[in-house]
Amino acid sequence: MAEDLLSPRLIVVGTSWGGADALAALLGALPPEFPVPMAVVQHRGADSLEGVLVRFLQEHCAVPVREADDKDAIEDGTVYVGPSDYHLLVEKGSFALSVDPPVTLSRPSIDVLFESAADSYGPDLVAVVLTGANRDGTDGARAVKEQGGVVLVQDPGSATRPEMPAAVIHSVEVDEVLPLERLAARIAGMGLEP
Amino acid sequence: MAIRVGPTRHALEDLELRLLLEGIYQHYGYDFREYARASLRRRVWRRLLEEGLETISALQDRLLHDPQCFERLLVDLSVTVTTMFRDPSFYQALREKVVPLLRTYPFVRVWNAGCSTGEETFSLAILLHEEGLGERARIYATDINDVVVRQAKLGTFSLEKMREYTQNYIRSGGKASFSDYYKVYGDKARFDPSLVDNVVFAQHNLVSDSEFNQFHLIVCRNVMIYFDRSLQDKVHDLFHRSLVRFGVLALGHKESLRFTSHTDDYEEVDGREKLWRRIS
């Protein structure tokens, strides 16, 4: 599996505690022409200021980063960040938002992003779980595997907080567990070969 | 002859969901067929699991034969989790940029479409009261589900939320002491019923009911995110017909007029706060 060439049509990323720095490293490794659209959920408070996370990530990332609006088309070569205090869901080819109750105490919830993306993209999906101190993302990662997608997890030993990646590895048969730097390189290589 | 097992499990579930929505429409007259699929699926699944069932078809059986089960689904489909003065900057913009427009009318009609459990309605009522418009404004607060509308009317929220709501209220430019507006009963905060003396609470379905008045302000935040684009467009037709010329439309922070056929019928009052004024 580790040597397989992956060319997903969508990459979804979930992270919590310590996520901003991990995301900066992950997105910082992407080449400017990286084609695969990416959707990111980072846990944060409902009152966190709009645009702050996007600006921070854009400073590190050569690919355009923007906050997803309701019904936005999912375009190649773009990193989308889920807005605070909404769930980010994936339909075929577009995003949808909801203000349903928090899931695993979180809104945005990683499970909601992963499960809806698994429904819409099935085997064409790669899901990535990074550092975090809770267990959001585990049910979502299971759904991704059930629909034939690929799950990559940050090595808990290399994470600011190991609980979230460890919970996924414990409950789901994941495809690869990699330290952050190699995980970033693995993703940066996706979709670039013919 | 072997039976051809056509669809995958996933496609089968999609079929079940379509049949469920068609059944609900035919039997109860509620039309969810153009709701955004991903969030609708989640809500249907939540109901299904709470009913102790395993498939959408089983839920369909129960829904069609047990109106109370349908009532429960209807609550699931109309309750959202919001706060009073959600997005304080929005309410600040309402005070500074929309209230002066409303003051030019002798009598003001506001439609709070999709009021859910009333957090937004009471926030609007407090704001209009503080701006001296309480006496000459009427708010129509509507939702698809009358159970939720009755709940909204009570103006009773969890006491533990009051710290957050107070923060929001202060940041929104609130002019009084927030705690003057409610009394505490056990673990609940009950808002002063006189705040909603001029509020009409009513059931109204944005999908199937037509316009019922002419409004100077329509507030419909984070309601249409549950609709697909074609349904959003229809509801925008309804709002366009329901707004007086130069009336104001308020949407949620992550919504826009971009995908509708009414882009050119409005001008921006505040782009960031998603406030538009009807110009044609």
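Inspect all residues belonging to region A:99-109 and state whether any of them is free of Cβ contacts under 8 Å to residues at least 60 places away in the same chain and under 15 Å from A:M38 (Cβ atoms). Show your work before the answer.
So the first thing to find is which residues in region A:99-109 are free of Cβ contacts under 8 Å to residues at least 60 places away in the same chain, and the list is A:99-105.
Subsequent filtering for residues that are under 15 Å from A:M38 (Cβ atoms) retains none.
Taking every residue of region A:99-109 in turn, none turns out to be free of Cβ contacts under 8 Å to residues at least 60 places away in the same chain and under 15 Å from A:M38 (Cβ atoms).
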Qualifying positions in region B:243-271 - within 14 Å of chain A (Cβ to nearest Cβ) and touching a His at 6+ places or on another chain (Cβ under 8 Å): B:L257, B:T260
Answer residue from region A:85-101, given it is more than 7 Å from chain B (Cβ to nearest Cβ) and in a loop (DSSP other than H, G, I, E, B) and is surrounded by the fewest Cβ atoms within 10 Å (Cβ to Cβ) among those: A:K92
When residues of region A:44-70 are limited to those that are crowded, with 17+ Cβ neighbours inside 10 Å and in contact with a Pro (Cβ under 7 Å, 6 or more places away or on another chain), the one farthest from A:P102 (Cα to Cα): A:V63
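Which one is farthest from the other protein chains (Cβ to nearest Cβ) among residues in region A:123-170 that are acidic (D, E) and touching a strand residue (DSSP E or B) at 6+ places or on another chain (Cβ under 9 Å)?
Step one: of region A:123-170, the residues acidic (D, E) are A:124, A:136, A:139, A:146, A:155, A:163.
Subsequent filtering for residues that are touching a strand residue (DSSP E or B) at 6+ places or on another chain (Cβ under 9 Å) retains A:124, A:136, A:139, A:155.
Details: A:D124: 13, A:D136: 15, A:D139: 12, A:D155: 31 Å.
Top of the filtered list is A:D155.
Could you list all residues from region B:193-242 that are within 27 Å of B:G29 (Cβ to Cβ) and touching a His at 6+ places or on another chain (Cβ under 9 Å)?
Our first condition is that a residue be within 27 Å of B:G29 (Cβ to Cβ); within region B:193-242, this holds for B:199-215, B:218-242.
Residues satisfying the conditions are B:F212, B:R221, B:N222, B:M224, B:D233, B:H236, B:D237, B:F239, B:H240.
Residues of region A:71-84 being more than 8 Å from chain B (Cβ to nearest Cβ) and either surrounded by 18 or more Cβ atoms within 10 Å (Cβ to Cβ) or out of contact with any Asp or Glu (no Cβ under 9 Å at 6 or more places or on another chain) (or both), which ones? Can you show your working first?
Of region A:71-84, the ones more than 8 Å from chain B (Cβ to nearest Cβ) are A:72-82, A:84.
The answer is A:D72, A:A73, A:I74, A:E75, A:D76, A:T78, A:V79, A:Y80, A:V81, A:G82, A:S84.
Mind checking which helices (runs of 4 or more DSSP H) fall wholly inside region B:51-118 and carry at least 1 residues that are modelled with pLDDT under 95?
Details: elements: B:56-65, B:67-78, B:88-93, B:99-102.
Correct list: B:67-78.
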Members of region A:170-194 that are crowded, with 18+ Cβ neighbours inside 10 Å, modelled with pLDDT of 95 or more and over 16 Å from the mean Cα position of the chain (by Cα): A:V172
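The values are calculated or read from the model by the stated rules, or taken from the named source; none is laboratory data. These numbers were taken from a predicted model, which means no experiment stands behind them. Cβ: placed from backbone, ideal geometry, glycine included. Neighbour counts: every protein chain shown.
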